[in-house]
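The values are calculated or read from the model by the stated rules, or taken from the named source; none is laboratory data. Just so you know, these numbers come straight off a predicted model, no measurement behind them. Cβ atoms come from the backbone with ideal geometry, glycine included; neighbour counts cover every protein chain shown.
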Amino acid sequence: MNSFSNRITNLFGIQYPIIQAGMIWASGWRLASAVSNAGGLGLLGAGSMYPDVLIDHIRKCRSATSKPFGVNVPLLYPDLDKLMQIIVDEGVKIVFTSAGNPKTWTGMFKEKGITVVHVVSSSRFALKAEEAGCDAVVAEGFEAGGHNGREETTTMVLIPAVAEAVKIPVIAAGGIGTGRQMLAAMVLGAEAVQVGTRFVACEEASSHPNFKQALIHTNEGDTQLSMKKLVPVRLLKNKFFKEVWEAEQRGASEAELKLILGRARAKKGMFEGDLEEGELEIGQVSSLIKDILPAEKIVRNLWEEFQSAIETPFL
Ligand code: NDP
(Lines give C-alpha, C1' and ligand atoms only; values in the text may rest on other atoms or scores of the structure.)
Protein backbone atom coordinates (compact mmCIF):
# COMPACT_ATOMS: atom_id res chain seq x y z
CA MET A 1 0.00 0.00 0.00
CA ASN A 2 1.63 3.23 -1.11
CA SER A 3 -1.18 5.70 -0.56
CA PHE A 4 -0.72 6.22 3.18
CA SER A 5 -1.35 9.77 4.27
CA ASN A 6 -1.60 11.48 7.65
CA ARG A 7 -0.57 14.80 9.25
CA ILE A 8 3.10 13.85 9.31
CA THR A 9 3.41 12.57 5.74
CA ASN A 10 1.56 15.72 4.61
CA LEU A 11 3.70 18.03 6.79
CA PHE A 12 6.95 16.78 5.24
CA GLY A 13 5.66 15.66 1.84
CA ILE A 14 6.92 12.09 2.31
CA GLN A 15 5.54 8.68 1.35
CA TYR A 16 5.97 6.74 4.60
CA PRO A 17 5.72 7.99 8.22
CA ILE A 18 9.33 6.91 8.82
CA ILE A 19 11.98 9.43 9.88
CA GLN A 20 15.66 8.63 10.18
CA ALA A 21 17.04 10.22 13.34
CA GLY A 22 19.81 12.80 13.09
CA MET A 23 22.73 11.06 14.76
CA ILE A 24 26.22 12.42 15.28
CA TRP A 25 28.92 10.65 13.27
CA ALA A 26 26.36 8.40 11.54
CA SER A 27 23.96 10.50 9.51
CA GLY A 28 25.63 12.44 6.74
CA TRP A 29 24.34 13.11 3.23
CA ARG A 30 24.67 9.50 2.03
CA LEU A 31 22.33 8.14 4.70
CA ALA A 32 19.88 11.07 4.69
CA SER A 33 19.51 11.11 0.89
CA ALA A 34 19.12 7.31 0.73
CA VAL A 35 16.33 7.37 3.33
CA SER A 36 14.59 10.26 1.57
CA ASN A 37 14.91 8.51 -1.80
CA ALA A 38 13.31 5.43 -0.21
CA GLY A 39 10.21 7.45 0.77
CA GLY A 40 11.05 8.28 4.40
CA LEU A 41 12.53 11.50 5.77
CA GLY A 42 16.33 11.62 6.00
CA LEU A 43 17.99 13.96 8.50
CA LEU A 44 21.56 15.24 8.51
CA GLY A 45 23.00 15.03 12.03
CA ALA A 46 24.64 18.46 12.34
CA GLY A 47 25.88 17.92 15.92
CA SER A 48 29.17 16.46 14.73
CA MET A 49 29.68 18.80 11.75
CA TYR A 50 31.74 21.98 11.66
CA PRO A 51 29.84 24.75 9.81
CA ASP A 52 31.64 24.24 6.48
CA VAL A 53 31.06 20.49 6.74
CA LEU A 54 27.34 21.06 7.20
CA ILE A 55 27.23 23.26 4.07
CA ASP A 56 28.94 20.50 2.11
CA HIS A 57 26.51 17.84 3.38
CA ILE A 58 23.42 19.95 2.64
CA ARG A 59 24.61 20.54 -0.92
CA LYS A 60 25.54 16.91 -1.52
CA CYS A 61 22.26 15.72 -0.04
CA ARG A 62 20.36 18.05 -2.33
CA SER A 63 22.14 16.76 -5.40
CA ALA A 64 21.59 13.13 -4.31
CA THR A 65 17.83 13.46 -3.79
CA SER A 66 14.98 15.55 -5.11
CA LYS A 67 12.88 14.46 -2.11
CA PRO A 68 12.49 16.39 1.17
CA PHE A 69 15.21 16.04 3.80
CA GLY A 70 16.02 17.92 7.00
CA VAL A 71 18.76 18.83 9.47
CA ASN A 72 18.91 17.85 13.14
CA VAL A 73 20.61 20.38 15.40
CA PRO A 74 21.35 19.56 19.06
CA LEU A 75 20.96 22.93 20.79
CA LEU A 76 24.07 22.19 22.88
CA TYR A 77 26.18 22.73 19.77
CA PRO A 78 29.03 25.23 20.31
CA ASP A 79 28.62 27.34 17.11
CA LEU A 80 24.83 27.35 17.12
CA ASP A 81 24.36 30.80 15.50
CA LYS A 82 26.52 29.81 12.56
CA LEU A 83 24.67 26.52 11.99
CA MET A 84 21.27 28.20 12.14
CA GLN A 85 22.36 30.83 9.62
CA ILE A 86 23.62 28.12 7.27
CA ILE A 87 20.29 26.29 7.51
CA VAL A 88 18.46 29.48 6.46
CA ASP A 89 20.98 30.51 3.78
CA GLU A 90 21.11 27.04 2.21
CA GLY A 91 17.32 26.91 1.98
CA VAL A 92 16.80 23.89 4.25
CA LYS A 93 13.04 23.41 4.68
CA ILE A 94 12.88 21.07 7.70
CA VAL A 95 14.72 21.39 11.04
CA PHE A 96 14.65 19.03 14.01
CA THR A 97 16.03 20.62 17.19
CA SER A 98 16.95 18.66 20.30
CA ALA A 99 18.62 18.96 23.70
CA GLY A 100 17.60 22.54 24.53
CA ASN A 101 14.81 25.10 24.77
CA PRO A 102 12.52 25.11 21.70
CA LYS A 103 11.59 28.78 22.31
CA THR A 104 15.00 30.13 21.30
CA TRP A 105 14.98 29.28 17.60
CA THR A 106 11.51 28.15 16.53
CA GLY A 107 10.09 31.64 15.93
CA MET A 108 12.94 32.66 13.64
CA PHE A 109 12.61 29.45 11.59
CA LYS A 110 8.84 29.74 11.33
CA GLU A 111 9.17 33.32 10.03
CA LYS A 112 11.36 31.94 7.25
CA GLY A 113 8.77 29.29 6.38
CA ILE A 114 10.83 26.41 7.80
CA THR A 115 9.07 23.41 9.37
CA VAL A 116 10.32 22.89 12.94
CA VAL A 117 10.14 19.76 15.06
CA HIS A 118 11.56 19.52 18.58
CA VAL A 119 12.65 16.36 20.40
CA VAL A 120 11.24 15.95 23.93
CA SER A 121 11.29 13.34 26.67
CA SER A 122 8.26 14.51 28.69
CA SER A 123 4.74 15.91 28.21
CA ARG A 124 5.84 19.12 29.94
CA PHE A 125 8.47 19.79 27.28
CA ALA A 126 6.08 18.69 24.53
CA LEU A 127 3.71 21.46 25.67
CA LYS A 128 6.62 23.94 25.64
CA ALA A 129 7.45 22.92 22.08
CA GLU A 130 3.82 23.35 21.05
CA GLU A 131 3.68 26.79 22.70
CA ALA A 132 6.89 27.75 20.93
CA GLY A 133 5.16 27.10 17.60
CA CYS A 134 6.72 23.76 16.61
CA ASP A 135 4.88 21.87 13.89
CA ALA A 136 5.34 18.48 15.57
CA VAL A 137 7.25 16.85 18.41
CA VAL A 138 9.42 13.78 18.59
CA ALA A 139 8.63 12.04 21.89
CA GLU A 140 11.74 10.03 22.66
CA GLY A 141 11.62 7.37 25.35
CA PHE A 142 14.20 5.85 27.69
CA GLU A 143 15.16 3.06 25.25
CA ALA A 144 16.77 5.57 22.87
CA GLY A 145 20.47 5.74 22.17
CA GLY A 146 22.58 8.84 22.73
CA HIS A 147 21.11 11.89 24.49
CA ASN A 148 18.23 10.91 26.71
CA GLY A 149 15.77 12.32 29.25
CA ARG A 150 16.63 12.41 32.95
CA GLU A 151 13.28 11.02 34.04
CA GLU A 152 13.67 7.64 32.33
CA THR A 153 10.12 7.61 30.94
CA THR A 154 9.78 4.67 28.56
CA THR A 155 8.39 5.00 25.05
CA MET A 156 5.40 2.85 26.08
CA VAL A 157 4.37 5.44 28.69
CA LEU A 158 5.65 8.61 27.01
CA ILE A 159 3.82 8.31 23.67
CA PRO A 160 0.24 8.14 25.01
CA ALA A 161 1.05 10.86 27.56
CA VAL A 162 2.44 13.25 24.95
CA ALA A 163 -0.30 12.41 22.41
CA GLU A 164 -2.86 13.33 25.08
CA ALA A 165 -1.06 16.53 26.09
CA VAL A 166 -0.55 18.23 22.71
CA LYS A 167 -2.59 18.84 19.57
CA ILE A 168 0.35 18.87 17.17
CA PRO A 169 1.35 15.47 15.71
CA VAL A 170 3.63 13.22 17.71
CA ILE A 171 6.53 11.24 16.26
CA ALA A 172 7.54 8.28 18.45
CA ALA A 173 11.20 7.50 19.09
CA GLY A 174 13.20 5.27 21.38
CA GLY A 175 13.36 1.52 20.92
CA ILE A 176 11.76 1.41 17.48
CA GLY A 177 13.53 -0.65 14.83
CA THR A 178 10.87 -2.99 13.42
CA GLY A 179 7.49 -2.64 11.72
CA ARG A 180 5.69 -4.26 14.65
CA GLN A 181 7.21 -1.72 17.05
CA MET A 182 6.18 0.97 14.59
CA LEU A 183 2.59 -0.25 14.67
CA ALA A 184 2.67 -0.35 18.48
CA ALA A 185 3.84 3.28 18.56
CA MET A 186 1.08 4.32 16.16
CA VAL A 187 -1.53 2.49 18.27
CA LEU A 188 -0.26 4.45 21.28
CA GLY A 189 -0.98 7.74 19.51
CA ALA A 190 2.04 8.54 17.33
CA GLU A 191 1.60 9.52 13.69
CA ALA A 192 5.13 8.54 12.65
CA VAL A 193 8.28 7.00 14.03
CA GLN A 194 11.82 8.29 14.26
CA VAL A 195 14.33 5.48 13.94
CA GLY A 196 17.99 5.86 14.93
CA THR A 197 19.84 2.69 15.88
CA ARG A 198 18.39 0.61 12.99
CA PHE A 199 19.86 3.22 10.61
CA VAL A 200 23.31 3.05 12.22
CA ALA A 201 23.49 -0.57 11.06
CA CYS A 202 23.04 0.67 7.52
CA GLU A 203 25.39 0.57 4.55
CA GLU A 204 25.10 4.32 3.94
CA ALA A 205 25.69 5.35 7.59
CA SER A 206 29.04 7.08 8.13
CA SER A 207 29.59 5.26 11.44
CA HIS A 208 32.75 3.13 11.55
CA PRO A 209 32.39 -0.52 10.38
CA ASN A 210 33.66 -1.70 13.81
CA PHE A 211 30.80 0.17 15.47
CA LYS A 212 28.24 -1.29 13.06
CA GLN A 213 29.57 -4.80 13.77
CA ALA A 214 29.48 -4.22 17.53
CA LEU A 215 25.89 -3.01 17.23
CA ILE A 216 24.62 -6.12 15.44
CA HIS A 217 26.28 -8.37 18.02
CA THR A 218 24.73 -6.80 21.12
CA ASN A 219 22.44 -8.66 23.48
CA GLU A 220 19.65 -7.43 25.71
CA GLY A 221 21.12 -5.44 28.58
CA ASP A 222 24.27 -4.40 26.73
CA THR A 223 23.39 -0.68 26.81
CA GLN A 224 22.83 1.57 29.79
CA LEU A 225 21.97 5.19 30.54
CA SER A 226 25.08 6.94 31.75
CA MET A 227 26.46 10.34 32.82
CA LYS A 228 23.27 11.78 34.28
CA LYS A 229 25.38 14.38 36.11
CA LEU A 230 26.48 15.77 32.73
CA VAL A 231 24.13 15.05 29.82
CA PRO A 232 22.44 11.64 30.14
CA VAL A 233 23.40 9.34 27.25
CA ARG A 234 22.65 5.68 26.55
CA LEU A 235 25.89 3.88 25.79
CA LEU A 236 27.03 0.46 24.73
CA LYS A 237 28.90 -1.08 27.66
CA ASN A 238 32.62 -1.08 26.88
CA LYS A 239 35.86 -0.15 28.66
CA PHE A 240 35.04 3.57 28.57
CA PHE A 241 31.50 2.96 29.87
CA LYS A 242 32.92 0.84 32.72
CA GLU A 243 35.29 3.62 33.72
CA VAL A 244 32.41 6.10 33.86
CA TRP A 245 30.17 3.62 35.69
CA GLU A 246 32.82 2.94 38.36
CA ALA A 247 33.35 6.67 38.84
CA GLU A 248 29.60 7.19 39.18
CA GLN A 249 29.35 4.35 41.72
CA ARG A 250 31.89 6.09 43.96
CA GLY A 251 29.97 9.37 43.60
CA ALA A 252 32.35 11.16 41.21
CA SER A 253 31.69 14.87 40.79
CA GLU A 254 30.64 16.53 37.56
CA ALA A 255 34.18 17.84 37.12
CA GLU A 256 35.68 14.37 37.53
CA LEU A 257 33.25 12.90 35.00
CA LYS A 258 34.13 15.67 32.54
CA LEU A 259 37.77 14.80 32.96
CA ILE A 260 37.12 11.11 32.22
CA LEU A 261 35.00 12.02 29.20
CA GLY A 262 37.64 14.34 27.78
CA ARG A 263 37.07 15.59 24.24
CA ALA A 264 35.86 13.90 21.09
CA ARG A 265 35.11 10.53 22.76
CA ALA A 266 32.04 10.06 20.58
CA LYS A 267 34.10 10.60 17.43
CA LYS A 268 36.74 8.14 18.67
CA GLY A 269 34.16 5.41 19.18
CA MET A 270 31.53 5.88 16.53
CA PHE A 271 33.56 7.41 13.68
CA GLU A 272 37.09 6.12 14.27
CA GLY A 273 35.95 2.70 15.49
CA ASP A 274 37.81 2.52 18.82
CA LEU A 275 35.48 0.11 20.61
CA GLU A 276 37.38 0.22 23.91
CA GLU A 277 38.20 3.88 24.55
CA GLY A 278 35.42 5.49 22.51
CA GLU A 279 31.91 6.56 23.50
CA LEU A 280 29.41 4.29 21.70
CA GLU A 281 25.93 5.82 21.67
CA ILE A 282 23.31 3.25 20.79
CA GLY A 283 19.73 2.32 21.73
CA GLN A 284 18.31 -0.75 23.47
CA VAL A 285 16.81 -1.94 20.17
CA SER A 286 20.31 -2.86 18.97
CA SER A 287 19.79 -6.31 20.50
CA LEU A 288 17.05 -6.98 17.92
CA ILE A 289 19.19 -5.91 14.95
CA LYS A 290 21.24 -8.63 13.30
CA ASP A 291 22.25 -7.24 9.92
CA ILE A 292 23.70 -4.23 8.14
CA LEU A 293 21.37 -3.30 5.28
CA PRO A 294 20.99 -0.60 2.65
CA ALA A 295 18.69 2.27 3.76
CA GLU A 296 16.17 1.45 1.05
CA LYS A 297 15.79 -2.09 2.40
CA ILE A 298 15.43 -0.86 5.99
CA VAL A 299 12.61 1.50 4.99
CA ARG A 300 10.93 -1.24 2.92
CA ASN A 301 11.22 -3.83 5.72
CA LEU A 302 9.77 -1.41 8.27
CA TRP A 303 6.86 -0.57 6.02
CA GLU A 304 6.11 -4.14 4.94
CA GLU A 305 6.30 -5.47 8.49
CA PHE A 306 4.08 -2.61 9.67
CA GLN A 307 1.54 -3.48 6.96
CA SER A 308 1.54 -7.19 7.70
CA ALA A 309 1.31 -6.53 11.47
CA ILE A 310 -1.86 -4.48 10.85
CA GLU A 311 -3.40 -7.55 9.25
CA THR A 312 -2.45 -9.90 12.13
CA PRO A 313 -5.59 -11.12 13.90
CA PHE A 314 -5.06 -10.27 17.58
CA LEU A 315 -8.31 -11.74 18.88
P1 NDP B 1 33.11 17.05 22.44
O2 NDP B 1 33.11 18.41 23.03
O3 NDP B 1 33.71 15.93 23.19
O4 NDP B 1 33.88 17.12 21.04
C5 NDP B 1 33.45 17.92 20.00
C6 NDP B 1 33.37 17.01 18.80
O7 NDP B 1 32.48 17.57 17.85
C8 NDP B 1 34.70 16.81 18.17
O9 NDP B 1 34.84 15.47 17.76
C10 NDP B 1 34.67 17.77 16.98
O11 NDP B 1 35.33 17.26 15.85
C12 NDP B 1 33.18 17.85 16.65
N13 NDP B 1 32.72 19.19 16.22
C14 NDP B 1 31.90 19.41 15.19
N15 NDP B 1 31.64 20.71 15.06
C16 NDP B 1 32.30 21.34 16.04
C17 NDP B 1 32.43 22.72 16.42
N18 NDP B 1 31.83 23.68 15.75
N19 NDP B 1 33.19 23.01 17.50
C20 NDP B 1 33.81 22.04 18.18
N21 NDP B 1 33.72 20.73 17.86
C22 NDP B 1 32.98 20.38 16.80
O23 NDP B 1 31.56 16.78 22.06
P24 NDP B 1 30.76 15.43 21.73
O25 NDP B 1 31.53 14.60 20.76
O26 NDP B 1 30.30 14.77 22.98
O27 NDP B 1 29.47 16.05 21.03
C28 NDP B 1 29.56 16.77 19.82
C29 NDP B 1 28.20 17.36 19.47
O30 NDP B 1 27.25 16.33 19.28
C31 NDP B 1 27.59 18.30 20.47
O32 NDP B 1 27.01 19.36 19.75
C33 NDP B 1 26.51 17.47 21.15
O34 NDP B 1 25.47 18.25 21.62
C35 NDP B 1 26.09 16.59 20.01
N36 NDP B 1 25.51 15.31 20.40
C37 NDP B 1 24.31 14.94 19.82
C38 NDP B 1 23.74 13.75 20.11
C39 NDP B 1 22.42 13.36 19.49
O40 NDP B 1 21.84 12.40 19.92
N41 NDP B 1 21.93 14.06 18.46
C42 NDP B 1 24.35 12.81 21.04
C43 NDP B 1 25.60 13.27 21.58
C44 NDP B 1 26.15 14.50 21.27
P45 NDP B 1 36.97 17.23 15.78
O46 NDP B 1 37.37 16.12 16.68
O47 NDP B 1 37.19 16.89 14.34
O48 NDP B 1 37.45 18.56 16.19
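Please go through region 105-119 and give me each residue that is of a type outside the set (A, V, I, L, M, F, W, C) and within 14 Å of the ligand (Cβ to nearest atom), ordered by number.
Taking region 105-119 as the starting set, the residues that turn out to be of a type outside the set (A, V, I, L, M, F, W, C) are 106-107, 110-113, 115, 118.
Correct list: H118 only.
Can you tell which of S63, S48 is surrounded by fewer than 24 Cβ atoms within 10 Å (Cβ to Cβ) and touching a residue at least 60 places away in the same chain (Cβ under 8 Å)?
Working: S63 fails: touching a residue at least 60 places away in the same chain (Cβ under 8 Å).
Of S63, S48, the one residue that is surrounded by fewer than 24 Cβ atoms within 10 Å (Cβ to Cβ) and touching a residue at least 60 places away in the same chain (Cβ under 8 Å) is S48.
Six or more apart or on different chains, Cβ under 7 Å: which pairs go from a residue in region 79-104 that's more than 15 Å from R62 (Cα to Cα) and within 10 Å of the ligand (Cβ to nearest atom) to one that's of a type in the set (G, A, S) and part of a loop (DSSP other than H, G, I, E, B)? Could you list them?
F96/G22
Just give me the residues in region 234-269 being in a loop (DSSP other than H, G, I, E, B) and either surrounded by 14 or more Cβ atoms within 10 Å (Cβ to Cβ) or touching a Gly at 6+ places or on another chain (Cβ under 8 Å) (or both), in sequence order. If you could, list the steps in order and put the result at the bottom.
Of region 234-269, the ones in a loop (DSSP other than H, G, I, E, B) are 237-238, 250-253, 262-264.
Answer for region 234-269, where residues must be in a loop (DSSP other than H, G, I, E, B) and either surrounded by 14 or more Cβ atoms within 10 Å (Cβ to Cβ) or touching a Gly at 6+ places or on another chain (Cβ under 8 Å) (or both): K237, N238, A252.
Take the residues in region 1-26 that are within 16 Å of the ligand (Cβ to nearest atom) and part of a loop (DSSP other than H, G, I, E, B), then tell me which one is nearest to the chain's Cα centre (by Cα). Steps first, please.
Going residue by residue through region 1-26, those that are within 16 Å of the ligand (Cβ to nearest atom) are 19-26.
Filter once more, keeping what is part of a loop (DSSP other than H, G, I, E, B): 21-26.
On the way: A21: 3, G22: 5, M23: 6, I24: 9, W25: 12, A26: 10 Å.
Applying the filter and picking the extreme gives A21.
Mind listing just one residue for me: the one in region 156-171 that is touching a strand residue (DSSP E or B) at 6+ places or on another chain (Cβ under 7 Å) and farther than 20 Å from A26 by Cβ and, of those, nearest to the ligand (Cβ to nearest atom)? Step through it out loud before you land on a result.
Here is the first cut: in region 156-171, the ones touching a strand residue (DSSP E or B) at 6+ places or on another chain (Cβ under 7 Å) are 158-159, 162-163, 166, 168-171.
Applying the additional criterion that residues be farther than 20 Å from A26 by Cβ yields 158-159, 162-163, 166, 168-170.
On the way: L158: 17, I159: 19, V162: 19, A163: 23, V166: 22, I168: 21, P169: 21, V170: 19 Å.
Per the stated criteria, the residue is L158.
Is at least one residue of region 172-192 farther than 28 Å from F314 by Cβ and either touching a Lys or Arg at 6+ places or on another chain (Cβ under 9 Å) or in the same structural domain as Q15 (by TED's automatic domain parsing) (or both)?
First, pick out the residues of region 172-192 that are farther than 28 Å from F314 by Cβ: none.
Looking through region 172-192, none of the residues is farther than 28 Å from F314 by Cβ and either touching a Lys or Arg at 6+ places or on another chain (Cβ under 9 Å) or in the same structural domain as Q15 (by TED's automatic domain parsing) (or both).
Can you tell me which of S98, S63, S5 is more than 24 Å from I168 (Cα to Cα) and polar (S, T, N, Q)?
Values: S98 fails: more than 24 Å from I168 (Cα to Cα); S5 fails: more than 24 Å from I168 (Cα to Cα).
Selected residue: S63, the only one of S98, S63, S5 that is more than 24 Å from I168 (Cα to Cα) and polar (S, T, N, Q).
Mind listing whichever residues of region 278-296 are outside the structural domain of T155 (by TED's automatic domain parsing), in a loop (DSSP other than H, G, I, E, B) and either in contact with a Cys (Cβ under 6 Å, 6 or more places away or on another chain) or of a type in the set (D, E) (or both)?
Listed by number, the list holds a single entry, E279.
Assess whether A309 counts as being free of Cβ contacts under 8 Å to residues at least 12 places away in the same chain and farther than 24 Å from F211 by Cα.
Details: free of Cβ contacts under 8 Å to residues at least 12 places away in the same chain: no; farther than 24 Å from F211 by Cα: yes.
Criteria not met by A309.
In region 253-287, how many residues are closer than 25 Å to G149 by Cβ and more than 14 Å from the ligand (Cβ to nearest atom)?
The total comes to 8.
Looking only at region 60-75, decide whether some residue is within 16 Å of the ligand (Cβ to nearest atom) and more than 30 Å from K297 (Cβ to Cβ).
Looking for residues that are within 16 Å of the ligand (Cβ to nearest atom) and more than 30 Å from K297 (Cβ to Cβ), one finds at least one in region 60-75, hence yes.
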